[in-house]
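Take a look at the structure set out below.
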Amino acid sequence: MTRELTDLELLRELEPIAEDNVHRHLAMAKDWHPHDYVPWDAGRNFAALGGIDWDPDQSALSETAQAAMITNLLTEDNLPSYHREIAEHFSLDGAWGTWVGRWTAEENKHSVVMRDYLVVTRGVDPVALENARMAHMTTGFDPGSTSMLESVSYVTFQELATRVSHRNTGKACGDPIADRMLARVAADENLHMMFYRNIVEGALDIAPDQALAAIMSVLTRFRMPGASMANFRRNAVLIAKGGIYDLRQHLDDVVLPVLRKWRVFDRTDFGSRGEQLREDLDAFLTDLQTKAERFEEARDRALARQARRDEHAGASA
């Protein structure tokens, strides 16, 4: 049986790939400034400065858009926990340290611009938002005991999931400013995903069975990092029903494209353990496909019932 590489050995083996991808990222990343994406002329003082405090009627966002914006923002806000996670698994030296710092700085822009937008446009209750931020950041993000390969596999899928969610949230807001802002954030997330995806791809070449075990572990236990926030389940249902992020998108737009890029079902270098894991992964994906179909059918029935109720209410008015 082949000995598994330690996290330290993997970091050393993968450092040239990390260095290449840091340079690649810096060449591709575009400078942008949060203040350029916020409609400041829409702002006004709150009661503490002689203005008017927030009222639900002031928001132009639908209930679904509000749920998505709050969930996405609180997820971005928990940056200290994420920084700790990757700093502990990576290193603060060399290419790994450069990436940890750069990634953290870029991610910080996302919560800044989203909060400024929501407060200025009065899209959500700022007091409730701040209370939720305090609670969520106090709880923090605890992925449990994970290896370096599990950590980097998780953020590959998570960054892409976040990209999809941000992009669709921008469209759901019905505001071209929000759409432009979240498209910019989503572009960052896509570049971040590519860095982590390429690291895992390198790990599959170096230790294929070990890397696939980490990927399988992550996919079968996957939860978005905001799962511990208050009202997450309610908001996740609204987000899924609204087509912003659901099981179908998780499978078709996140999981399968990454697995194809890694050539998981085309590789010929797996050992007996890897071959068994690949069979298990195929069965898991088949089950996920079934669950996605059932959710879509249930959602279609619910939407049809709602449409009939609305039609009946309109006819009775």
Original post:
Would it be correct to say that ALA302 is touching a residue at least 60 places away in the same chain (Cβ under 8 Å), in contact with a helix residue (DSSP H, G or I) (Cβ under 8 Å, 6 or more places away or on another chain) and loosely packed, with under 12 Cβ neighbours inside 10 Å?
Top reply: yes
Original post:
ASP175 fails exactly one of the following numbered conditions: (1) touching a residue at least 60 places away in the same chain (Cβ under 8 Å); (2) among the acidic types (Asp, Glu); (3) more than 27 Å from SER59 (Cα to Cα). What is the number of that condition?
Top reply: (3)
**OP:** Kindly indicate whether any position in the range 125-136 is part of a loop (DSSP other than H, G, I, E, B), of a type in the set (D, E, K, R) and either touching a strand residue (DSSP E or B) at 6+ places or on another chain (Cβ under 8 Å) or touching a residue at least 40 places away in the same chain (Cβ under 8 Å) (or both).
**Re:** yes
Subject >> Among (1) open to solvent by 20 Å² or more (accessible area, probe 1.4 Å); (2) within 24 Å of VAL22 (Cβ to Cβ); (3) small (Gly, Ala, Ser), the one test that SER62 misses >> reply: (2)
Original post:
Got a number for residues in the range 99-144 being more than 17 Å from GLY226 (Cα to Cα), among the hydrophobic types (A, V, I, L, M, F, W, C) and open to solvent by less than 40 Å² (accessible area, probe 1.4 Å)?
Top reply: 7
Subject >> the range 188-232 - residue that is in contact with a Ser or Thr (Cβ under 7 Å, 6 or more places away or on another chain) and among the hydroxyl-bearing types (Ser, Thr, Tyr) and, of those, nearest to LEU277 (Cα to Cα) >> reply: TYR196
Subject >> Yes/no for THR169 being farther than 25 Å from THR98 by Cα, open to solvent by 10 Å² or more (accessible area, probe 1.4 Å) and in contact (Cβ under 8 Å) with a residue 24 or more places away in the chain >> reply: no
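Yes or no, residue by residue, for (1) farther than 23 Å from MET69 by Cα; (2) open to solvent by 60 Å² or more (accessible area, probe 1.4 Å); (3) assigned to a helix (DSSP H, G or I):
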{"position": "PHE222", "(1), (2), (3)": "no, no, no"}
{"position": "ALA227", "(1), (2), (3)": "no, no, no"}
{"position": "PRO257", "(1), (2), (3)": "yes, no, yes"}
{"position": "ARG294", "(1), (2), (3)": "yes, yes, yes"}
{"position": "GLU297", "(1), (2), (3)": "yes, yes, yes"}
{"position": "GLU311", "(1), (2), (3)": "yes, yes, yes"}
Original post:
Does ARG234 fit the bill of being under 23 Å from THR139 (Cβ atoms), of a type outside the set (S, T, N, Q) and open to solvent by 50 Å² or more (accessible area, probe 1.4 Å)?
Top reply: yes
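The values are calculated or read from the model by the stated rules, or taken from the named source; none is laboratory data. Model, not experiment: these values are computed from the prediction. Reconstructed Cβ throughout: ideal geometry from the backbone, glycine too, with neighbour counts over all protein chains shown. These area figures cover heavy atoms from the full protein model, side chains too; ligands, DNA and RNA do not enter into them. Shrake-Rupley method; radii C 1.70, N 1.55, O 1.52, S 1.80 Å.
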